[in-house]
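Structure, as structure tokens:
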Amino acid sequence: MKNNVELIGHYGSDEIIALSAWTSTSRELSPDKLERVSKLLVHLWSQGHETPFEKASVHFLVNCDIASHIHLLKHRMSSLNAESARYKELKEDKFYLPNDWWDHKVTPDVKDDLYYPQEEYMDWFLALEEYTKLGNKLYHKSLEQLTPVLGRKRAKESARFFKTYNSQIQADVTFNLRSFANFLRLRNSEHAQLEIREIAQQMQDLVEAIDDKPFKTAMWVITRANELWIKHQEEISKQLIEEFKNGTN
Ligand SMILES: Cc1cc2nc3c(=O)[nH]c(=O)nc-3n(C[C@H](O)[C@H](O)[C@H](O)COP(=O)(O)OP(=O)(O)OC[C@H]3O[C@@H](n4cnc5c(N)ncnc54)[C@H](O)[C@@H]3O)c2cc1C
């Protein structure tokens, strides 16, 4: 099963962000000010006045592998709740398989060590699938057989050690638009792992496709600023290293 993202809610708009900034003078909206909303947003972001963007938020439901889940958790400026294998048995054996593993054949020496029924032809994709299924089988069996010994609570929380890293869980995550920009900059980037990059891209596409485009300018300026940051970041990094090496610090 592929990782997937659903946009389950959003709050705010370009106008709400602008109004937040205009609170410092007057929140009254004249037709002239309404016309200046987009220009103000670009000005704010480009000058580093990012707090008004915290007034808007986006809310997602994500089904993803454990590695991506950890990547999501790293973003402290977000709010995340997730499905818990401590509190319930994960009855549905959802798991993720990387498409780029297709057709990369397992060599005979590795095949000999494999624990499960040997296929005539086995690629790494299939090997991972079989290994995951074995983990899930042992998860359910150990839970069943350890419950009378350890009690349901301890059996549940420890049986999950059989779950593999590609097991999928559901997470409910909210970002404000400022932290969402930071998330996109770091995770929708070539440096990020493929899976979290795909999740970040899905999130961005969903927000940009909201009816009536409430975040039209905000998303434009965030995305463009991120592109420019990525482009110039390497240059800045090189320059800093060079200056340090030359003792100009
Ligand atoms: C390519 C890549 C590789 C990575 N590799 C690793 C790794 O090997 N190991 C690992 O542990 N993590 C790794 N990370 C995670 C990374 O270290 C960050 O934890 C993660 O990206 C969250 O970034 P953040 O702190 O900017 O986001 P958030 O936690 O959402 O914070 C948003 C912003 O708020 C501010 N902020 C938040 N908390 C504080 C604070 N305590 N003090 C001051 N300012 C704060 C900062 O400006 C920060 O950028 C990696 C991330 C990427 C993108």
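The values are calculated or read from the model by the stated rules, or taken from the named source; none is laboratory data. Because the structure is a prediction, the values reported are computed rather than measured. Neighbour counts are summed over all protein chains in view; Cβ atoms, including those assigned to glycine, are modelled from backbone coordinates with ideal geometry.
Of all residues in region 9-34, which are surrounded by fewer than 13 Cβ atoms within 10 Å (Cβ to Cβ) and at pLDDT 95 or above? First the steps, then the outcome.
Within region 9-34, the first condition is being surrounded by fewer than 13 Cβ atoms within 10 Å (Cβ to Cβ), and the residues that meet it are 9, 23-28, 30-32, 34.
The answer is G9, and nothing else.
Given the criterion within 16 Å of the ligand (Cβ to nearest atom) and over 21 Å from V58 (Cβ atoms), identify the matching residue among L177, L184, L194, L228.
Details: L177 fails: over 21 Å from V58 (Cβ atoms); L184 fails: over 21 Å from V58 (Cβ atoms); L228 fails: within 16 Å of the ligand (Cβ to nearest atom).
None of the other options fit; the residue is L194.
Scan region 151-185 residue by residue and report those that are surrounded by fewer than 16 Cβ atoms within 10 Å (Cβ to Cβ) and part of a helix (DSSP H, G or I).
Residues satisfying the conditions are R152, K153, R154, E157, S158, F161.
Within region 211-223, is there a residue that is touching a Lys or Arg at 6+ places or on another chain (Cβ under 9 Å), over 30 Å from E92 (Cβ atoms) and in contact (Cβ under 8 Å) with a residue 60 or more places away in the chain? Write out each step before concluding.
The first filter runs over region 211-223 and keeps only residues touching a Lys or Arg at 6+ places or on another chain (Cβ under 9 Å), leaving 217, 219, 222.
Keeping just the survivors that are over 30 Å from E92 (Cβ atoms) gives 217, 219, 222.
The next check asks that each one be in contact (Cβ under 8 Å) with a residue 60 or more places away in the chain; those that pass are 217, 222.
Among the residues of region 211-223, at least one is touching a Lys or Arg at 6+ places or on another chain (Cβ under 9 Å), over 30 Å from E92 (Cβ atoms) and in contact (Cβ under 8 Å) with a residue 60 or more places away in the chain, which makes the answer yes.
Looking at (1) exposed (fewer than 14 other Cβ atoms within 10 Å of the Cβ); (2) under 21 Å from the mean Cα position of the chain (by Cα); (3) in a loop (DSSP other than H, G, I, E, B); (4) away from the ligand (no atom under 16 Å from the Cβ), which is the only condition E92 fails?
(2)
For region 197-214, how many residues meet the condition of being in contact with a strand residue (DSSP E or B) (Cβ under 8 Å, 6 or more places away or on another chain) and crowded, with 20+ Cβ neighbours inside 10 Å?
Let us first name the residues in region 197-214 that are in contact with a strand residue (DSSP E or B) (Cβ under 8 Å, 6 or more places away or on another chain), namely 199, 202-203, 206-207, 210, 214.
Adding the requirement that they be crowded, with 20+ Cβ neighbours inside 10 Å leaves 199, 203, 207.
Here the count works out to 3.
Take the residues in region 60-89 that are surrounded by 12 or more Cβ atoms within 10 Å (Cβ to Cβ) and under 14 Å from R160 (Cβ atoms), then tell me which one is farthest from the ligand (Cβ to nearest atom).
Among them, the one singled out is E89.
Right, R27: of a type in the set (D, E, K, R), farther than 21 Å from R197 by Cβ and touching a residue at least 12 places away in the same chain (Cβ under 8 Å) or not? Lay out the reasoning, then the answer.
Working: of a type in the set (D, E, K, R): yes; farther than 21 Å from R197 by Cβ: yes; touching a residue at least 12 places away in the same chain (Cβ under 8 Å): no.
Here the answer is no, as R27 does not meet what is asked.
Looking at N188, N166, N226, N176, which is the one that is in contact with a helix residue (DSSP H, G or I) (Cβ under 8 Å, 6 or more places away or on another chain), in contact (Cβ under 8 Å) with a residue 24 or more places away in the chain, of a type in the set (S, T, N, Q) and farther than 28 Å from L41 by Cα? Outline the logic, then answer.
Values: N188 fails: farther than 28 Å from L41 by Cα; N226 fails: farther than 28 Å from L41 by Cα; N176 fails: farther than 28 Å from L41 by Cα.
The conditions single out N166.
Does region 186-206 include one or more residues that are farther than 25 Å from N99 by Cβ and modelled with pLDDT of 95 or more?
Initial filter on region 186-206 (farther than 25 Å from N99 by Cβ): none.
Checked against the condition, which is being farther than 25 Å from N99 by Cβ and modelled with pLDDT of 95 or more, region 186-206 yields no hits at all.
With respect to V58, determine if the residue is assigned by TED's automatic domain parsing to the domain that holds E227, closer than 30 Å to K137 by Cβ and under 29 Å from the mean Cα position of the chain (by Cα). Step through it out loud before you land on a result.
Values: assigned by TED's automatic domain parsing to the domain that holds E227: yes; closer than 30 Å to K137 by Cβ: no; under 29 Å from the mean Cα position of the chain (by Cα): yes.
No; evaluated as a whole, the condition is false for this residue.
Does E208 count as more than 15 Å from the ligand (Cβ to nearest atom) and under 20 Å from L61 (Cα atoms)? Talk me through it step by step, then tell me what you get.
On the way: more than 15 Å from the ligand (Cβ to nearest atom): yes; under 20 Å from L61 (Cα atoms): yes.
Yes; evaluated as a whole, the condition is true for this residue.
Inside region 33-55, can you point out the residues that are in a helix (DSSP H, G or I), touching a residue at least 24 places away in the same chain (Cβ under 8 Å) and either charged (D, E, K, R) or not assigned by TED's automatic domain parsing to the domain that holds T174 (or both)?
E54, K55
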